[in-house]
1. Checking the conditions here, which among K108, K88, K69 is touching a Gly at 6+ places or on another chain (Cβ under 7 Å) and of a type in the set (K, R)?
2. Any idea which of I404, I449, I476 is over 22 Å from K582 (Cα atoms) and touching a Cys at 6+ places or on another chain (Cβ under 7 Å)?
3. Would it be correct to say that S684 is small (G, A, S) and surrounded by 16 or more Cβ atoms within 10 Å (Cβ to Cβ)?
4. I'm told D669 meets every condition in (1) surrounded by fewer than 14 Cβ atoms within 10 Å (Cβ to Cβ); (2) more than 23 Å from M526 (Cα to Cα) except one. Can you identify the failing condition by its number?
5. For the range 438-452, state whether one or more residues are part of a loop (DSSP other than H, G, I, E, B), modelled with pLDDT of 95 or more and either outside the structural domain of I218 (by TED's automatic domain parsing) or of a type in the set (K, R) (or both).
6. Among D468, D498, which is the only one that is crowded, with 17+ Cβ neighbours inside 10 Å and outside the structural domain of I218 (by TED's automatic domain parsing)?
7. Anything in the range 22-39 that is touching a Ser or Thr at 6+ places or on another chain (Cβ under 8 Å) and modelled with pLDDT under 90? List them, or say none.
8. Within the range 359-379, take every residue that is in contact with an Asp or Glu (Cβ under 9 Å, 6 or more places away or on another chain) and among the charged types (D, E, K, R) and give me the one that is surrounded by the fewest Cβ atoms within 10 Å (Cβ to Cβ).
Amino acid sequence: MTEEEVKLNYITPAIEGAGWERKLIKMEYPITAGKIVVRGDKAFRLTKKRADYILFYKENLPLAIVEAKDDAHLVGDGMLQAQEYADKLDVRFVFTSNGDGFLFYDMKTGEQKMLELSEFPSPQELYEKQYKEKIEASADLETILNTPYYFGEESYPPRYYQRIAINRTVEAIASGKDRALLVMATGTGKTYMAFQIIWRLWKAGLKKRILYLADRNILVDQTIIGDFKPFKNAMTKIYHKNMNTSYEIYLSLYQQLSENDTEDNLALLKESFKPDFFDLIIVDECHRGSAREDSNWRKILDYFNKASKIGMTATPKETKEVSNIDYFGEPIYTYSLKDGIEDGFLAPYKVVRYAIDTDVYGYRPTRGKTDVDGELVEDREYGIKDFDKNIVIDERTKLVAEKITDYLKRTDRYAKTIVFCVDIDHAERMRQALVDLNKDLCAENYKYIMRITGDNDEGKKQLDYFIDSDSPYPAIVTTSKLMTTGVNCKTCKNIVLDNIFGENGMTEFKQIIGRGTRIEENHDKMYFTILDFRNASIMFSDPKFNGPELQDDEYDPDATPVDVTPLPPKDIDPVEPPRGKKKIYVKDVAVELVSERVQYYDKDGKLVTESLKDFTRKNILSGFASLDDFMKYWTSEERRSVIIQELKEHGVFLEELRSYYPANVDDFDLICDIAYGIKPLTKSERAKRRKVDEVLAEYSDSCKKVLEIILLKYSNDNIDELTDTRILKLPEFNEFGNPMKIAKLFGGMSGYVAAVREIQNALYVA
C-alpha cells in the first residue's frame, strides 16, 4: 500500500477511533513557508515542510505529531523526521506508523513503546500526561489553556513559532512567573504576538489592566489601528496629561511616562495610577532604556512592582554594563533571523561589498593640502572610521552615490532603498550626490530621493509614503539613525551601509538589517540586497549575530553604563547630537574602487561567494556523489517533470541555468557538465547515438517511424517529457490515427510507454 492508502485505511481511522475530533486532526500541516534561495538576481522558493498529522487538543494547542510511511517501511522508519518536527513545533508526543501499529515516543521523558492500532491514546490522556502536574500546581494554568486565541475577519492563524511564543508566555504568566523575555527577529510579528498574549490573559480574567510600552509614536498609533483593534473601547493611548483610569488596555511611549527636563511625567503618573493599577506590562523593543538599571523609564516598571513584565525585542542588550536578561530572565523563546530565513518566513539577503582605495589603504593629505575653507589639513593618516565623521572627501561621497545608482540601473530604479549614513550632514550630502546622478527621475518627481532624518520635517512627512508598498515615492531615502528601528517597509529591497558601527554596534546592525527582512511577494520582494561600503557586513560572521542570547560573563549590575541605546526624545524623532570637533571638508582627492564582490546567504547562515553554477554543483553532489548515482535517478521510471521538480526542491534550478547553455542542450547534459565536468552533447547528437539505433531496430517499421518522430520532436522542438501520451495528438502523427490506434501498434498503451521509456533511457547510456 502507498502512504496515502495507509493513512486512509489505518492511521486516520485509528486516531478518530481514539476520540480525536476530525477538525482537530490537521493533515499535511504546513510547518514552513519554503526557504527562499537567491542567486544572481533571481529568487526561488523551496518546498514547504509539512507534517503528516498534527493532533490538537484545542485550536493552537498541539499535543502530538504522527508521521506515516507506506507498508514497505518499518513502523518506526519515520521517527527521526517526526522528532525533528516535534522539536521544532514544541510538541511533546510523537507517533510513527506504517499501518501495522504505532511507535510512540515521549520527547520529555524519552519513553518509547509499540502500540497496536487500537491502543492510540485519546486527547484527554495526552493532555493529562502533559499538563496534570502543572495544573495541580496552578489552577490559573488550566484557565489559560482553555482560553482561545482571538479570531476575527482581519486576523490570521499564528505561524508555528508565533504559537510557541504565545503559548509559552501565557502558560508561564499563568503559572506565576512574573517576568518573561521573548527574542524574536524583526519581521516575525511581535505586535501580533503581544496582542494575542494580552487577549488571552485578559479574556481569561488573569490580567485586568495592561500597559503596552513602545518607543515610537508611529508604532503606538499603528498598533491601535492594526493588531490591537479588537480591543475597541477598552483601549486608550496615554499622551500628554491624558491619564484616564477608566480603561483596561493602555498604550504609551516609554518617554511619555518617564522623567525629563521639562516635565516630571513620572510624578504625574504616580498621581493618576496607584502602584497596583497595572497587573501586566509588555515592553516592546526592551533593548532600549529597560536594559539599564538606572534608566528613567525603568522606574515605571519598578513603580508598578506587582505587575508581571514581558520584554520583547529582536536585539537584547547584553554588555558588561547593561543586560536585558538580568531584568527579564533568560529568553522564554528565541526565533532568530537565521530561523526565519531557513523557514521561508523572512527574506534572505545577498551582499555586495565595495572596497574603496581610501578605505582600504587610508588617506594621507599631500603636503600643504588645504580644506574648502583654505585651512591646512592636519598631516596624519585618516581611515574608514574617520570618513564623514572627522573628514569629508567629496569624491568618496560621489563614488558611493555612483555605485548605488549603477546598481539600481542594473536592477530596478524604483526599488525601495535606504541609505544609512554617518550623520545628518552626511545624509544630506549623499542625497545631493544621488540627485545629481538621477536627474531624470527627480525631474519626474522631486520626491524620488528624500532625506529622512530627525531634523527634517519635510522628509519625516514622507516616511509613511516610503513605507506604503503601493507608493512609488520616495524610492530612495538617505538617513542616519531615524530609520534604524520601527520602520516597517515590507518592500524595502536595498539597504546601503555607509555608516560606522562601534565595537558595541551589533544591536544597531541587527536593527538595520531588519529593515529588509520582510517578504512581500505581491510586490516581487523575495529577498533584499545589502550594498556595503564600510565592510560592516563582516559582523555577519560574529557569533553574536545569530547565536544564542547569552548574558555577558563580565556583566556587572553596579557598573557605570557606557553603551546604552538611547531613547528618542519626547517627540520620538531622534535628532543626532550637534557635532563636537569641526569636520574637515576636502576636495580634489583621487578616489577609486578597488574591488566589488557579491556574496550570498548559504544554508549555514554564512556569506559565501559563489555563482549559480557553483551553488548547483554543490547541491547535486550532496545528493548524487557520482555520475552513476545520478544516472540511476535520471533514468528511473518517474516522469521527467517529477524529477525536475525534485531537483528544484534540492536547490537545482534548471530554467535559470539554461542561460549559460545553447537551447538544444538536454537538461541531463547541463547537469553533467556542471556537476561532473562532462562535455555536453546537443539533443540531435544524443538522438543519433548507436544505442538509440539499436533500440529502434527492435521494432516494426510503423512503430519505428512513430519513435523516430518522437526523437525528432525531442531534437528540434525541445520536448523533454517523451512518455507524455499527449504528444500523440500532434499533427505529425495524424497518418497513424488517434492515440489509441498508435498504442495498438505497440500492443497497447503500456507497450507504447515502455517503448518510449526504452528510447528515452537509450539517449543517456554511455
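1. On the way: K108 fails: touching a Gly at 6+ places or on another chain (Cβ under 7 Å); K88 fails: touching a Gly at 6+ places or on another chain (Cβ under 7 Å).
Answer to the check: K69.
2. Working: I404 fails: touching a Cys at 6+ places or on another chain (Cβ under 7 Å); I476 fails: touching a Cys at 6+ places or on another chain (Cβ under 7 Å).
One residue alone meets the criteria, I449.
3. Values: small (G, A, S): yes; surrounded by 16 or more Cβ atoms within 10 Å (Cβ to Cβ): no.
No: the conditions fail for S684.
4. (1)
5. Of all residues in the range 438-452, those part of a loop (DSSP other than H, G, I, E, B) come to 438, 445, 452.
Right, trim to modelled with pLDDT of 95 or more and you get 438, 445.
Add one more test, that the residue is either outside the structural domain of I218 (by TED's automatic domain parsing) or of a type in the set (K, R) (or both), and what stays is 438, 445.
Taking every residue of the range 438-452 in turn, at least one turns out to be part of a loop (DSSP other than H, G, I, E, B), modelled with pLDDT of 95 or more and either outside the structural domain of I218 (by TED's automatic domain parsing) or of a type in the set (K, R) (or both).
6. Numbers: D468 fails: crowded, with 17+ Cβ neighbours inside 10 Å.
Criteria check complete, one pass: D498.
7. Within the range 22-39, just R39 meets the criteria.
8. R367
The values are calculated or read from the model by the stated rules, or taken from the named source; none is laboratory data. Predicted model only: the values in this text are computed from it and were never measured. All Cβ positions, glycine included, derive from the backbone under ideal geometry; neighbour counts span all protein chains shown.
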